[in-house]
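The values are calculated or read from the model by the stated rules, or taken from the named source; none is laboratory data. Predicted model, so just to flag it, every value in this text is computed and none were measured. Accessible surface is based on the protein model in full, side chains and every heavy atom, while ligands, DNA and RNA are left aside. Shrake-Rupley method; radii C 1.70, N 1.55, O 1.52, S 1.80 Å.
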Amino acid sequence: MQKRKVIIDCDPGIDDSLALLLAINSPELEILGITTCSGNVPAKMGAENALYTLHRFSNENINIYVGEENPLKRELVTAQDTHGEDGLGENFYKTSTNKNIKYGGVDFIIETLKNNKDVSIIALGPLTNIAKALMKDKKAFNNLDEFISMGGAFRIHGNCSPVAEFNYWVDPHAADYVYKNLPKKIHMVGLDVTRKIVLTPNIIEFINRLDEDLAKYITEITRFYIDFHWEQEGIIGCVINDPLAVAYFIDRNLCSGFESYVEVVEDGVAMGQSIVDSFNFYKKEPNSFVLTQTNEKEFMYMFLKRLFPSHVDKINTTGGII
Ligand code: BDR
Ligand code: CA
């Protein structure tokens, strides 16, 4: 199998951690490195969390780079109310020491693009690192294969304001810059599709019967997130946005959408809103592929089978888990 080279840019974060778990269990991917930016938690904490997840569940030595600590212009607003003070559901795991963490996320992105052909980027957090890298060396992005961004909202309400999704709301200037300057179309994996991906108590109950450390970890980190969803939205379970971006990168059949021009509102009452010009009022070349539909069951089967490969039979045959 021809592996595809990827950089995962993220802000772990509970659902980012689940996305990393999916990525490290996906043979289609060659992960060249992980970069973090500030979003759910400050960039350095995100890197420590990524390192913790990788050390516990992967034998591979994937480099993790801390990227930008602050959005381009706005003050940083994290989502520690949603993901916990520690970004991993307030389990306060003993994360690895500083010496394992590298710095220079933006330069890593640039150098990796320059030194490799066909590198794709899966961005699971605010687009600060990507915007900075683009500003510094736009030419390097000629080697970019595909760009997937979890972010934005088209026909669905936001999760930070009535119209704005968190990743674009945290750094709207970066998001808008990337939409307007990236030489490739952005696959916008927005809330229209990710809100359909719910980790339910049924699924958690099921994986706990598989008796694996990974199930324990998923249960621990999602507890806080589930409480948040109940208090905030009256949902039992939690929406796991980021793994869908990884899954979609691997399997295009999981989602569908349409090409459009997109820009992001930088300030004011609609700050962070992704304006999708689906009726082509602006007469601008499409810069995005906006996802509108997903097969949430197919996603969940894929997710569970990859995370628990020795239990595929049970996942296929146990009724009513998904
Ligand atoms: C996005 O915001 C973050 O809280 C999640 O990790 C995800 O990337 C969803 O709006
Ligand atoms: Ca994220």
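In units of the rule-of-thumb radius 2.2 N^0.38 Å, segment 120-184 shows an alpha carbon radius of gyration of 1.13.
Share of Cα-Cα pairs in segment 55-155 beyond 24 Å, in percent? That fraction is 35 percent.
With every protein chain in place and a 1.4 angstrom probe, the accessible-area ranking of Met1, Met45, Met300, Met135, largest first, reads Met1, Met135, Met45, Met300. Compute the distance from the alpha-carbon center of segment 298-322 to that of segment 131-162, in whole Å. Computed from Cα coordinates, the inter-centre distance equals 31 Å. Remark: for residue pairs Lys73/Lys283; Lys139/Lys185; Lys139/Lys180; Lys5/Lys314, the C-alpha separation exceeds 23 Å in Lys73/Lys283; Lys5/Lys314. Karplus-derived 3J(HN,Hα) values for segment 309-322, using 6.51 cos²θ - 1.76 cosθ + 1.60 with θ = phi - 60°, are x, 7, 10, 4, 4, 5, 4, 6, 9, 6, x, x, 7, 10 Hz; glycine and proline are entered as x. The H on the amide N of Thr35, modeled in the peptide plane, is under 5 Å from the matching H of Ile8, Asp9, Cys10, Tyr65, each at least 5 residues off or on a different chain. According to the square roots a ≥ b ≥ c of the eigenvalues of the Cα gyration tensor, what is the shape class of the chain, taking rounded for a/c under 1.5, prolate for a/b larger than b/c otherwise, and oblate for the remainder? In terms of gyration-tensor shape, rounded.
Tell me whether segment 23-92 comes out rounded, prolate or oblate; compute the Cα gyration tensor, take square roots of the eigenvalues as a ≥ b ≥ c, and use a/c under 1.5 as the rounded threshold. Because a/c hits 1.5 or more and a/b fails to exceed b/c, segment 23-92 counts as oblate. Once a ≥ b ≥ c are taken as the square roots of the eigenvalues of the Cα gyration tensor of segment 171-229, is the result rounded (a/c under 1.5), prolate (a/b larger than b/c) or oblate (a/b not larger than b/c)? Verdict is prolate for segment 171-229.
Residues whose amide H lies under 5 Å from that of Glu263, counting only those 5 or more places away or on a different chain, are Ile275, Asp277; hydrogens are built 1.01 Å from N in the peptide plane. Find how many whole Å separate the alpha carbon centroid of segment 195-211 from the alpha carbon centroid of segment 229-273. Taking the Cα centre of segment 195-211 as reference, the centre of segment 229-273 is 20 Å away.
For segment 147-295, carbon and sulfur atoms together expose 51% of the accessible surface, with a 1.4 angstrom probe and every protein chain in place.
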